[in-house]
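Handing you a structure now.
None of the figures in this text is laboratory data; all of them are computed from the coordinates on show. Predicted, not measured: the structure shown is a model, and the values here were computed from it.
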Amino acid sequence: MLTISYTKRLQNTASATLLLAGLLSIFTSCASTKSTLPANDSVANGKALKGKKAYRMDYKVGIAINASPEAIWAVLTNATDYPNWNTTVDSIVGTIALNEKIKLHAKISPKRAFKLKVSQFSPSTKMVWSDGNAMFKGVRTFTLEAMGNDTTVFTMHEVFTGAMLPMIKGSLPDFTADFEAFAADLKRKAEAK
């Protein structure tokens, strides 16, 4: 009797494991790593692009700034100064540096604190802020590309993914206007230095 009970328990555990593996396989195949944005999304005109798939949503903006990557980087990594120049941010608490955690309060969702990790940090080139897990994750990537003559193309790309995204994406705000404002504000601040 004990052997039968134990065998059934093992079968139930194996069935649950197979079911979970199957669901994970389906999710992984649906959650394409390819951008939902059109291939010609590299125009740095300050206009945000938005793309959607079942398990992925992208926002991206690019803008040419008449300043060096180092000058722009200094603005992007000064957490306490964000509210002084960025109309989309109420505050950032913490230090913007590799593997540090920051707390962002955005005007688009004033009652929520976004707890982000600075997961990549290549000075004057690239920075990544991330939050979440396989159920729902947001990853924001900032890139700076020097074009010569003290002109830099700034790009900000945010990708939302996760198993819960199809259920909650309707309740997420549209970030298009915020992305455009962020880019315009950064341009204004960096060019004024």
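Working out 0.36 nm times the residue gap between residue 50 and residue 192, then minus their Cα-Cα distance, what length gain in nm do you get to one decimal?
48.2 nm
Once fully extended, how much extra length lies between residue 78 and residue 64, figured as 0.36 nm per residue of separation less the alpha-carbon to alpha-carbon distance?
Once the chain is fully extended between residue 78 and residue 64, it gains 3.0 nm.
So what are the three principal axis dimensions of the stretch 53-137 from its Cα atoms, in whole Å, longest to shortest?
For the stretch 53-137, the Cα extents along the three principal axes come out at 38, 27, 24 Å.
Among the listed pairs 53/189; 60/101; 53/193; 50/103; 50/117; 107/169, give every one whose C-alpha distance is greater than 29 Å. Display every interim value, and only then the final one.
Working: 53/189 34 Å; 60/101 23 Å; 53/193 40 Å; 50/103 25 Å; 50/117 24 Å; 107/169 19 Å.
Exceeds cut-off: 53/189; 53/193.
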